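None of the figures in this text is laboratory data; all of them are computed from the coordinates on show. On a predicted model such as this, the values are computed, not experimentally measured, just so you know.
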Amino acid sequence: MENRISHEGVITNIDKENIEVKILSQSACVSCNIKTACNMSEMKEKTITIPAPKDKNLSIGQEVKISIGLGQAKRAVVFAYVIPVILLISMIFILNALKIDEGINALISIGILVPYYMILFLFKDKIKRKFEYEIH
């Protein structure tokens, strides 16, 4: 399990094909001794839907550990953060070179992210198959 990212969670819903697991996502600040001084600690509950494993007997309320491969997690970071930042910065420089007004430049640069996220949404099922969670 050394090349995996894992979280502990609780099963909240089970159907024929999927299982919903609620996890508590914590930032690195949560473990800091002076987190109350800077007010940066962050904890969020997230629900992850994963395909139901056929070989495990699971029930609602059961505590489980889910994990994903480190390479898959890095791929998710690229889709969610790296590509949008590259698109945004590239568009800013291109429109700046074309001497477009700064306000319009900002609107167009941010607007370029709308088609990107629409494409991700349209291909979400295909993308989802590339990310495989394991339940332990």
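Tabulated data for the structure shown
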item	result
Within the chain, helix-based [θ] at 222 nm, where runs of 4 or more DSSP H residues each add -39,500 (n - 2.57), nearest 500	-10500 deg cm²/dmol
Segment GLU45-LEU24, length gained on full extension (0.36 nm per residue, minus Cα span)	7.1 nm
Chain lengthening between ASP101 and ILE127 when straightened (0.36 nm per residue, less Cα-Cα)	5.7 nm
Integer Hz, Karplus 6.51/-1.76/1.60 couplings in order for segment 82-92, x for Gly and Pro	5, 4, x, 5, 4, 4, 4, 5, 4, 5, 4
Derived scalar couplings ³J(HN,Hα) [segment 124-133; Karplus, 6.51 cos²θ - 1.76 cosθ + 1.60; whole Hz; x for Gly, Pro]	4, 5, 5, 5, 4, 5, 7, 10, 10, 8
Directionally averaged shadow of the chain, computed from the convex hull of its alpha-carbon atoms, nm²	11.9
